[in-house]
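Okay, so here's the structure we're looking at.
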Amino acid sequence: MGSFWQIKIYRNKFIAYTVFVVAIGLVLGLMTCAVLIYQWIEGARNEAVSAFGRVESELQYDTDRIEAYMQRIYSNDRLMTDVRYFLGNTAEGYLTSRLEYSLYNEPLVSFPEDMRAFLYSSMKGDLTQVSLHTENGANLVRFSNSGNVSFRFGVPNTDEIFREKLEKGFVYRKKLSDPNQISRQIGEFRFLIGSEPLFRKILGYKLDIAAAVSGTGEVYMITGMDHGTQEMILRAAEETRNSGFSSLGGLKNVFFMNFHSTKFDYRLIMLVDLSHLMREKAGILATIVGSVLLAMISVLMLISYNMRDDARFLKHIINSIKRVKTADFTPNSPARYRRNEYGMIARELDDMVHELDKHIRTEYLLKLKQQETEMKALQHQINPHFLYNTLESIRSTALLHKDVDTADAIATLGSLYRDIVHKDNIITIGEELELLQKFLSIMELKYPGRFYYQIDVEDPLLAISTVKFWMQPLAENFFVHGFNPSSEFNLLVVNGWEEEERFVLEFVDNGKSIPEARLEEVRRCLYSREDAPVRSIGLRNVYTRLSFFYGDAFRMEIENNEEAGVKITVIISKG
């Protein structure tokens, strides 16, 4: 850190980066923790909804069974008779009436036993007490946890046993009417669905704190008794919202959920103690905090590493500039290359100092060589008219001595030279073919009876613009490398035709083929963009000039013919 901490701009940047990274890390850490807490609360909410649905479905099932049993009583005369005996007698009177009015050829009907068999069993133990009331008092049947039946007769209606408490359970009332006169009420059934067996069925759900609260404010704790007082339940019961966060002062915060029953006057309240939740999930939260802290440290270390290297490159750049200002071009240790701005600038400055030193050292020698070259060029300038006149004098001498072939060769050479000197650099392919034909005519005179040529180019190609004097090097390449002086038939054919999307020119000879290894080397040198010296300088110059003129529309291919010789193909794309 010391390498950049001494530079004010880097020191300020590092402080700004640190503040930014810490802020981002805190935000990301808090957001991650908040998302996890939200997911945990949503999981608790889903569990609470499922638990409340289970309680409501159990209550609905129990009340449906009670209604069904009441229909059973009304539809069974003997059972109704036994209920009436049970209602209006003491224990002895009930047993006496049953025996007195029973028929010897029919089994005894017992209302309590029938209720135990058809109601208690189907309600899976939720039914804990059934009482039958009149204005004078009540008789009741109680069911133990094992399903055993016990009785009490003549209990006053005001007895504590009939006081409705949530701790005992939920009372479901049904009037008992006279089957012969429905409007006449002879008593009232009170079915007690016990809280303990009912709420025991939801203990398998993941509930932090759960309690049932009656309409009078009575609380029945289902789970979470170890969290202490019932204050949290009562505070949640006062809320008008169905769910939300509530604070009990200090760090005591809970998330509450209120569920209102549609069957009985009570609410099921579920709480998530956030402090307890944090302690329970402390391992996960610590992992997140540690990961965020480790990420922040790693990012700050990476920033510190990059700033240290940038500061080192900046010092290298400043040192290079100082050396140039004092004309000190002695070699310096090169900067380690890095793919950033400072690394590239430092490397380029090193290269610049090296090139500047080389340029200063060689400038004087280059100027001397340039002056020497200019002097030689002046000495070797030749007046074209003098050369034309000289060639014409030689041609006249050949004609005087009746050497027609020599005269024709000189005339063709003079015409070729005039065209090369006077024609523009940009000509048509037709004009370029004329220059080639003059050159081939001279070579035909040079090798009489041993060299022949043929030019067959379609008219659309003749008007295409091209650079001057590029076909002659291709033909000359044949005479240098492929021509066989001992053969009586050396042939060079130039074909040209138009296709749908391109123009094609072929230069085909029947001379010597190129060995495959050499052919690959020629192709590699031909298409290479490097300026290194190459052996096929003629072909390379032609390829370079045509590539520069036509751009991407130009392509050149070189290959051996199947029988003998070489074929060079020039392709010019349309458009």
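The values are calculated or read from the model by the stated rules, or taken from the named source; none is laboratory data. Here the structure is a predicted model, which means the values were calculated and not measured. Neighbour counts run over all protein chains shown; Cβ positions are idealised from the backbone, glycine included. The area values use the complete protein model at the heavy-atom level, side chains included, leaving out ligands, DNA and RNA. Shrake-Rupley method; radii C 1.70, N 1.55, O 1.52, S 1.80 Å.
Anything in region 173-200 that is within 60 Å of the chain's Cα centre (by Cα) and buried (at least 16 other Cβ atoms within 10 Å of the Cβ)? List them, or say none.
Across region 173-200, the qualifying residues are Ile193, Gly194, Ser195, Pro197, Leu198, Phe199.
For a quick check of your reading of the model, give me the residue pairs whose first member lies in region 440-463 and is closer than 11 Å to Ile429 by Cα, whose second is surrounded by 15 or more Cβ atoms within 10 Å (Cβ to Cβ) and at pLDDT below 85, with beta-carbon atoms closer than 9 Å and at least 6 apart or on different chains.
none
Could you tell me how many of the residues in region 284-305 are loosely packed, with under 14 Cβ neighbours inside 10 Å and at pLDDT below 85?
Result for region 284-305: 1.
Restricting to strands (runs of 3 or more DSSP E) lying wholly in region 57-174: which have 1 or more residues that are among the hydroxyl-bearing types (Ser, Thr, Tyr) and in contact with a helix residue (DSSP H, G or I) (Cβ under 7 Å, 6 or more places away or on another chain)?
Those strands (runs of 3 or more DSSP E) span 127-133.
Being in contact with a strand residue (DSSP E or B) (Cβ under 9 Å, 6 or more places away or on another chain) and surrounded by 13 or more Cβ atoms within 10 Å (Cβ to Cβ) narrows it down to one of Arg72, Arg54, Arg45, so name that one.
Numbers: Arg72 fails: in contact with a strand residue (DSSP E or B) (Cβ under 9 Å, 6 or more places away or on another chain); Arg54 fails: in contact with a strand residue (DSSP E or B) (Cβ under 9 Å, 6 or more places away or on another chain).
The unique qualifying residue is Arg45.
From the set of residues in region 201-235 that are on the phi > 0 side of the Ramachandran plot and in contact with a helix residue (DSSP H, G or I) (Cβ under 9 Å, 6 or more places away or on another chain), which is surrounded by the most Cβ atoms within 10 Å (Cβ to Cβ)?
Gly224
For Leu491, only one of the following conditions fails: (1) of a type in the set (A, V, I, L, M, F, W, C); (2) within 20 Å of Met556 (Cβ to Cβ); (3) open to solvent by 40 Å² or more (accessible area, probe 1.4 Å). What is its number?
Here Leu491 meets the rest and fails (2).
Inspect region 130-151 for any residue being in contact with a Leu (Cβ under 8 Å, 6 or more places away or on another chain), surrounded by 12 or more Cβ atoms within 10 Å (Cβ to Cβ), within 16 Å of Ile66 (Cβ to Cβ) and touching a residue at least 60 places away in the same chain (Cβ under 8 Å) and give the result as yes or no.
There is at least one residue in region 130-151 that is in contact with a Leu (Cβ under 8 Å, 6 or more places away or on another chain), surrounded by 12 or more Cβ atoms within 10 Å (Cβ to Cβ), within 16 Å of Ile66 (Cβ to Cβ) and touching a residue at least 60 places away in the same chain (Cβ under 8 Å).
Can you name the number of the only condition in (1) modelled with pLDDT of 90 or more; (2) out of contact with any Leu (no Cβ under 8 Å at 6 or more places or on another chain) that Arg65 fails?
Every condition holds for Arg65 apart from (2).
So that you can scan it fast, the table gives a plain yes or no per residue for (1) in a helix (DSSP H, G or I); (2) farther than 17 Å from Thr569 by Cα; (3) under 57 Å from the mean Cα position of the chain (by Cα):
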position	(1), (2), (3)
Ser441	yes, yes, no
Pro460	yes, yes, yes
Phe479	yes, yes, no
Ser487	no, yes, no
Val494	no, no, no
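Just wondering, is there one or more residues in region 423-432 that are modelled with pLDDT under 85, open to solvent by 70 Å² or more (accessible area, probe 1.4 Å) and assigned to a loop (DSSP other than H, G, I, E, B)?
Scanning region 423-432, I find at least one residue that is modelled with pLDDT under 85, open to solvent by 70 Å² or more (accessible area, probe 1.4 Å) and assigned to a loop (DSSP other than H, G, I, E, B), so the answer is yes.
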